[in-house]
């Protein structure tokens with residue numbers, strides 16, 4: 001009778017222990033989750049991050065904290081999370097400049113995105129815009145290419161800085177169109193836009209925030225850089241369809257975790273992001289920011305996308321022999 005009682009006690013303890021373990025596993029997240037935005041508050045990446053954080057906090061039962069850690073085009077913030085403890089409570093928003101471009105442009109980069117970070121999900125995507133000065137003598141991509149061939153070395157294109165996706169989008173355009181165009185780097189997109197409106201540079205590859213200037217007639221829009229037409233500008237052709245076959249450059253913001261972050265945490269955030277993207281109200285808020293909800297892709301598919309994006313920019317950077325340090 002005593003043995004039976006002991007067995008009963010042990011069995012009960014085992015069942016109780018299993019229940020406690022299940023409860024502990026189901027408790028994630030047990031504390032606030034920090035998403036690092038590696039750019040200043042108020043910028044495009046920050047706004048997207050806060051919209052997602054708000055939606056997840058309201059609908060997902062978790063407290064999401066946004067931590068702005070700006071500097072060096074996002075490299076400082078991304079690097080900090082790449083080195084952070086992989087406990088499931090640290091994530092970062094990355095973008096082409098600090099994920100796809102930086103590894104081949106910086107010899108002394110303190111992190112390797114393919115080894116130190118785990119892709120979770122793409123947050124938003126948007127094309128860059130090929131825009132021209134208001135009095136430009138070309139009105140289409142085909143006319144622009146013809147002008148460039150007829151005036152080698154005279155055509156100028158502005159960007160928000162050397163090594164940015166804007167700069168490399170312009171360099172790839174010149175390479176694929178086989179024209180000689182001079183890059184004019186600026187310290188940010190705003191001064192580049194100012195000089196474009198003033199006619200001091202011929203063209204620029206800028207983000208969708210310049211659309212009000214297009215509508216006001218201050219600059220002209222020729223094409224978008226994405227492979228397919230953007231839902232934001234459905235009547236605007238892509239560069240590829242307008243005369244430069246094979247051209248594609250996509251701007252995006254995505255979520256990443258330190259490499260050894262538990263799958264449970266990665267899957268949890270992916271699920272919450274997927275649910276948020278299905279929210280029409282959030283999609284409308286993104287649209288007002290001139291960004292799009294990305295096509296459906298799980299974490300593995302997003303990782304493949306990042307791999308291909310990195311390979312594309314690496315090939316271009318090597319052909320340019322570009323080094324930023």
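The values are calculated or read from the model by the stated rules, or taken from the named source; none is laboratory data. Predicted model, so just to flag it, every value in this text is computed and none were measured. Every residue, glycine as well, gets a Cβ built from its backbone with ideal geometry; the counts of neighbours run over all protein chains shown.
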Exercise. Does residue 165 count as surrounded by 24 or more Cβ atoms within 10 Å (Cβ to Cβ) and modelled with pLDDT under 95?
Worked result: yes
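Within the stretch 288-301, is there a residue that is in a helix (DSSP H, G or I), over 17 Å from the mean Cα position of the chain (by Cα) and loosely packed, with under 14 Cβ neighbours inside 10 Å? Break it down stepwise before answering.
Of all residues in the stretch 288-301, those in a helix (DSSP H, G or I) come to 288, 299-301.
Going one step further and asking which of them are over 17 Å from the mean Cα position of the chain (by Cα), we end up with 288.
Among the residues that remain, those that are also loosely packed, with under 14 Cβ neighbours inside 10 Å are: 288.
Checked against the condition, which is being in a helix (DSSP H, G or I), over 17 Å from the mean Cα position of the chain (by Cα) and loosely packed, with under 14 Cβ neighbours inside 10 Å, the stretch 288-301 yields at least one hit.
Of the residues 105, 110, 171, 178, which single one is out of contact with any strand residue (DSSP E or B) (no Cβ under 9 Å at 6 or more places or on another chain), in contact (Cβ under 8 Å) with a residue 40 or more places away in the chain and more than 24 Å from residue 289 (Cα to Cα)? Spell out the reasoning first.
Details: 110 fails: in contact (Cβ under 8 Å) with a residue 40 or more places away in the chain; 171 fails: out of contact with any strand residue (DSSP E or B) (no Cβ under 9 Å at 6 or more places or on another chain); 178 fails: in contact (Cβ under 8 Å) with a residue 40 or more places away in the chain.
On inspection, the qualifying residue turns out to be 105.
Residue-wise test of (1) touching a strand residue (DSSP E or B) at 6+ places or on another chain (Cβ under 8 Å); (2) under 22 Å from residue 303 (Cα atoms).
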{"position": "237", "(1), (2)": "yes, no"}
{"position": "243", "(1), (2)": "no, no"}
{"position": "257", "(1), (2)": "yes, yes"}
{"position": "285", "(1), (2)": "no, no"}
{"position": "288", "(1), (2)": "no, no"}
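Can you tell me which residue in the stretch 119-137 is surrounded by the fewest Cβ atoms within 10 Å (Cβ to Cβ), limited to those that are touching a strand residue (DSSP E or B) at 6+ places or on another chain (Cβ under 7 Å) and more than 21 Å from residue 293 (Cα to Cα)?
Looking only at the stretch 119-137, we keep the residues that are touching a strand residue (DSSP E or B) at 6+ places or on another chain (Cβ under 7 Å), and these are 119-132, 134, 136.
Of the ones still in play, those that are also more than 21 Å from residue 293 (Cα to Cα) are 130-132, 134, 136.
Values: 130: 29, 131: 25, 132: 21, 134: 15, 136: 19.
Step by step, filter the stretch 119-137, then rank; the result is 134.
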For this session: Output the number of residues of the stretch 199-215 satisfying the condition of being more than 19 Å from residue 249 (Cα to Cα) and either free of Cβ contacts under 8 Å to residues at least 24 places away in the same chain or surrounded by fewer than 22 Cβ atoms within 10 Å (Cβ to Cβ) (or both).
Result: 6
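Every residue, every condition in (1) out of contact with any helix residue (DSSP H, G or I) (no Cβ under 7 Å at 6 or more places or on another chain); (2) touching a residue at least 12 places away in the same chain (Cβ under 8 Å), yes or no:
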site	(1), (2)
137	no, no
144	yes, yes
183	no, yes
194	yes, no
217	yes, yes
For this session: Please go through the stretch 230-241 and pick out each residue that is modelled with pLDDT under 95 and surrounded by fewer than 17 Cβ atoms within 10 Å (Cβ to Cβ).
Result: 231
Exercise. Does the stretch 75-95 contain at least one residue that is out of contact with any helix residue (DSSP H, G or I) (no Cβ under 8 Å at 6 or more places or on another chain), without any contact (Cβ under 8 Å) to a residue 40 or more places away in the chain and closer than 25 Å to residue 187 by Cα?
Worked result: yes
Problem set entry | Failed item, numbered, when residue 317 is tested on (1) within 14 Å of the chain's Cα centre (by Cα); (2) not in a loop (DSSP other than H, G, I, E, B) | (1)
Problem set entry | residue 196 vs. criteria over 30 Å from residue 306 (Cα atoms), in contact with a strand residue (DSSP E or B) (Cβ under 8 Å, 6 or more places away or on another chain) and crowded, with 23+ Cβ neighbours inside 10 Å | yes
